[in-house]
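Down below is the structure, laid out as structure tokens.
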């Protein structure tokens, strides 16, 4: 009987190790998410607005429509490159924010206020202002390949070339 219990413990331990190896690393998220609310000049929410996010480096484009509360959400977006957000709704001027850079694991809140328009016009907000993360006190950043390769590692020998 004792051999049975020993082998059962071994099998259970191996099973736990296998399951633990396949668990996702939740601390390192190579993606970001963006959410926000679309309103008009009188602070009323705008349902049915089309929000498009474009990764200008890779050409990845995703679009969504705001819900009844004027809210939109994009999740699991890759962090590489700069991004462009565009909001369109019939009867309103198109709003665009360009050259936005996101960090891994970031959950950014970007709201838009649309103006009424009788003619076709586009409002482009240009600038490189950082997005302030108000929902979390987490500090994170994205590093490029060169910085990753030069990170100090305990086993790395700097005298060897």
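Tabulated results
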{"read-out": "Flag if residue 10 is at pLDDT 70 or above and either outside any loop (DSSP other than H, G, I, E, B) or closer than 30 Å to residue 75 by Cα (or both)", "value": "yes"}
{"read-out": "Qualifying positions in region 102-139 - closer than 19 Å to residue 80 by Cβ and either surrounded by fewer than 15 Cβ atoms within 10 Å (Cβ to Cβ) or at pLDDT 70 or above (or both)", "value": "102, 103, 104, 105, 106, 107, 108, 110, 128, 130"}
{"read-out": "Residues (outside any strand (DSSP E or B) and over 25 Å from residue 142 (Cα atoms)) located in region 79-101", "value": "89, 90, 91, 93"}
{"read-out": "Selection status of residue 76, surrounded by fewer than 16 Cβ atoms within 10 Å (Cβ to Cβ) and part of a strand (DSSP E or B)", "value": "yes"}
{"read-out": "Residues of region 53-96 that turn out to be within 14 Å of the chain's Cα centre (by Cα), touching a residue at least 24 places away in the same chain (Cβ under 8 Å) and on the phi < 0 side of the Ramachandran plot, as a count", "value": "15"}
{"read-out": "Residue in region 65-75 that is within 30 Å of residue 144 (Cα to Cα) and modelled with pLDDT under 95 present", "value": "yes"}
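The values are calculated or read from the model by the stated rules, or taken from the named source; none is laboratory data. Remember, predicted model here, so these are calculated numbers, not experimental data. Cβ atoms come from the backbone with ideal geometry, glycine included; neighbour counts cover every protein chain shown.
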